[in-house]
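The values are calculated or read from the model by the stated rules, or taken from the named source; none is laboratory data. Fair warning: this is a prediction, and the values are worked out from it, not measured in the lab. We place every Cβ from the backbone using ideal geometry, glycine too, and count neighbours over all the protein chains shown. These accessible areas exclude ligands, DNA and RNA; they are computed on the full protein's heavy atoms, side chains included. Shrake-Rupley method; radii C 1.70, N 1.55, O 1.52, S 1.80 Å.
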Amino acid sequence: MSPTSADPPAAATVTPSDSTGLCEAALEHGRIDGGYLVFDDGPPALGRALQDGMFLVDIPADVAVATGDAFAEHFFRGPTSPPYGEFRDITSDSFGDPLLGFHQRANKSEQFLLERRFWDTRFPDEMTALGEAMTRLSSHIMAGVLAYSGIPYDRWGRATGDCVLLGGTYHLTFNHYLPTHLDLGLNPHQDDGFLTILRATTPGLEIDRGEGTWQTVTPPPGCFVVNFGLAMEILTSATRTPATAVLHRVSGQRGDRFSFAHFASVTQTPGADSGVHRYLPATGALERVCTAQDLLHSDYAASDVATGT
Ligand SMILES: O=C(O)CCC(=O)C(=O)O
Ligand SMILES: [Fe+2]
């Protein structure tokens with residue numbers, strides 16, 4: 001999970017705040033067919049997607065995306081706005097985790113974040129179903145990446161803290177960006193997990209294409225944006241097709257903007273962090289690099305939810 005804005009890493013060059021005039025990123029476009037991640041342009045398109053750190057994927061029929069859109073447009077409105085407005089009053093206090101629940105970020109955005117272990121009890125059924133369908137989608141995408149990266153099937157569980165096997169840690173996050181005079185709605189950051197599946201129908205998402213060049217990402221309505229996080233970058237870093245944990249941000253908004261995302265990470269329930277590993281193709285070994293918590297609190301992915309900055 002990497003729900004929030006981090007301070008820009010020192011090495012990153014940020015273009016002027018007014019992002020009009022940026023080019024639209026040309027991204028690969030895949031879909032799930034019979035449980036497999038496929039690309040019209042053939043398997044090398046996945047190699048390019050890994051390098052880009054981001055690609056588009058068709059929204060599968062079992063993902064009720066309209067339910068997520070409705071939640072994203074209502075969770076912040078308060079209890080007088082059923083059926084989802086009451087989620088504004090559900091804060092981190094009731095979870096024992098400062099990141100979860102409703103948060104406001106310095107008058108520029110509002111967020112609701114919920115980990116999978118609470119979906120059953122806190123979400124209405126249709127929202128739990130949405131989360132589970134997105135978890136299955138994340139598993140299909142991750143399986144495609146692991147196979148393409150040459151990681152043997154018998155290593156998949158350990159390599160991903162069971163994430164590819166539906167046994168990782170998953171979060172759903174919902175964002176409401178307010179109209180603001182501020183430069184950025186969400187500061188440049190890398191997500192910390194393996195991959196993020198993002199629904200964003202309003203323009204505003206931008207990615208770093210290297211050397212200080214930012215490009216806009218405006219997915220067609222039938223597509224999710226998938227981006228790779230630090231755990232995937234580390235896992236694949238010694239393979240022939242390393243993934244990029246792409247730096248991304250959201251521009252300052254003139255009107256309301258809504259988005260939602262599903263984060264897939266290694267198991268990191270309290271007291272059980274299965275660790276982040278690097279696959280070493282020469283020996284077939286998995287080298288333990290750090291914990292998932294280390295990534296969450298790294299300079300690049302650090303969350304500012306708790307401080308509201
Ligand atoms: O709202 C968006 O388009 C991006 C959100 C994001 O990057 C995140 O929640 O990590
Ligand atoms: Fe992100």
* Hey, any idea what % of the stretch 157-309's accessible area is carbon plus sulfur with a 1.4 Å probe? -> 54 percent
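For the chain, what does -39500 (n - 2.57) per DSSP helix run (n ≥ 4), summed and divided by total residues, give at 222 nm, in deg cm²/dmol to the nearest 500? Can you show the working numbers first?
Numbers: 7 runs with 63 residues, N = 309.
Dividing the helical sum by the residues of the chain leaves -6000 deg cm²/dmol.
Tell me, in nm to one decimal, what length is gained between GLU211 and GLN104 on full extension, where the rule is 0.36 nm per residue of separation less the Cα-Cα distance?
Taking GLU211 through GLN104 to full extension adds about 35.3 nm, to one decimal.
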* To do: Calculate the all-directions average of the projected area of the stretch 112-174's alpha-carbon convex hull, and give it in nm².
  => 4.3 nm²
* So what's the net charge close to GLU233: Lys and Arg +1, Asp and Glu -1, counting the other residues with Cβ under 13 Å from its Cβ? -> -2
* Structure fact -> the chain, Gaussian network, Cα under 10 Å: of LEU280, LEU247, LEU114, the residue fluctuating most is LEU280
* Asked: Carbon and sulfur atoms: what percent of the 1.4 Å accessible area of the stretch 60-113 do they account for?
  -> 50 percent
* Structure fact -> In this structure, the FRET efficiency calculated for THR202 and ARG240 from their beta-carbon separation, with R0 = 45 Å, to the nearest 0.05, is 0.75
* Could you give P(r) for the stretch 171-309, binned at 5 Å from zero, as whole percent values over all Cα-Cα pairs? -> 2, 9, 16, 22, 20, 14, 9, 5, 2, 1, 0
* Going toward the positive end of the dipole of the chain, with +1 on Lys and Arg Cβ and -1 on Asp and Glu Cβ, which of PHE102, PHE39, VAL289 do you reach last? -> VAL289
* So what's the gap between the Cα centers of the stretch 216-278 and the stretch 165-191, to the nearest angstrom? -> 10 Å
* Out of every Cα pair in the chain, what percent are spaced more than 31 Å from each other? -> 23 percent
* Structure fact -> Sorted largest first, the C-alpha extents of the stretch 9-160 along its principal axes in whole angstrom are 50, 43, 29
* Asked: Excluding TYR36 itself, what net charge comes from residues whose Cβ is under 14 Å from its Cβ, given Lys and Arg +1 and Asp and Glu -1?
  -> -1
* Once you charge only the Cβ atoms, +1 for Lys and Arg and -1 for Asp and Glu, what is the size of the charge dipole of the chain about its Cα centre, to the nearest 20 debye? -> 240 debye
* To do: Provide the solvent-accessible area of ASP41, counting protein heavy atoms only and rolling a 1.4 Å probe, rounded to the nearest 10 Å².
  => 110 Å²
* **For the stretch 28-69: accessible area per residue (Å², 1.4 Å)** => 47 Å²
* **GNM result for the chain, Cα springs below 10 Å: residue of MET142, MET232, MET127 fluctuating most strongly** => MET127
